[in-house]
Amino acid sequence: MSTATLRATLPGNDKTYCVAFSPDGRTLASGEGLDLHLWEISPSALQPQRPDTGLLASSIRRASLARHTAAFRWVAFHPDGRSLATGATSPGLNLCVRVWDAASLRETRQLKGYTSEVLTGAWRADGQLLATADATAGTVRLWDLSGDAPRCKDLAVAPPNVRWLHALAFSPEGRHLAVGHPAGMVLVLRLAKRGEVFRVPAGP
């Protein structure tokens with residue numbers, strides 16, 4: 001039976017809802033309540049500095065966004081590692097997905113039009129499509145962010161006002177999207193035929 005080895009403990013709080021590694025594995029993003037942190041997770045940063053515990057004596061925090069307007073619930077790096085998208089619980093506030101520059105945590109884009117919180121999202125492996133789930137609207141939204149003006153398409157997957165759409169994952173080749181359904185099912189949506197790539201159609 002194999003066992004895991006604890007390499008490091010990063011300081012956080014009791015509301016660390018989401019974490020994600022960058023594609024190169026050198027940065028870890030953590031959403032901790034109203035704060036978003038980027039941690040350096042290079043091999044040198046993970047060398048044990050306390051022989052008694054094997055843990056780091058200190059952690060290397062590269063960037064932080066403190067006191068956001070709502071609690072971060074999911075975070076996902078773009079496949080190129082240069083940006084990341086987040087969703088937050090923000091009842092009564094601006095319901096949107098935010099895209100941030102991964103080097104500075106400067107906000108670069110807001111994706112709007114949601115009627116409930118966005119609790120999950122996933123990038124397609126080519127980075128040209130972002131899927132998000134409107135928690136209680138019953139819809140999955142597919143975003144094409146390749147141009148100056150983002151385009152989106154909504155897919156109805158559950159009745160409105162049913163809690164919660166809370167899990168999304170693309171298949172490796174990007175033709176299928178798995179959705180965790182609140183009725184206790186996993187839906188697998190085929191977005192494109194074999195050999196084809198799904199594109200968000202232009203126009204309304």
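Starting from the Cα-Cα distance between Phe21 and Val197, subtract it from 0.36 nm times their residue separation and give me the gain in nm to one decimal.
60.8 nm
Could you please rank Ile60, Ile41, placing first whichever residue has the fewest other Cβ atoms within 10 Å of its Cβ?
Going from sparsest to densest Cβ surroundings: Ile60, Ile41.
If neighbour count is taken as other Cβ atoms inside 10 Å, put Val188, Val197 in order from fewest to most.
With the fewest neighbours first, Val188, Val197 line up as Val188, Val197.
How many angstrom lie between the Cα centre of region 179-195 and the Cα centre of region 100-124?
Between the Cα centres of region 179-195 and region 100-124 lies a distance of 22 Å.
I need Ser30, Ser146 ordered by Cβ neighbour count within 10 Å, fewest first.
Placing the least packed residue first, the sequence is Ser146, Ser30.
Say each of Lys153 and His68 gets a label point 7 Å from the Cα, pointing the same way as Cα to Cβ; how far apart are those two points in nm?
According to this spin-label approximation, the distance is 2.8 nm.
Since every read-out is calculated from the coordinates, none of them should be taken as a lab result. Fair warning: this is a prediction, and the values are worked out from it, not measured in the lab. Cβ sites come from the backbone with ideal geometry, for glycine too, and all protein chains shown count toward neighbours.
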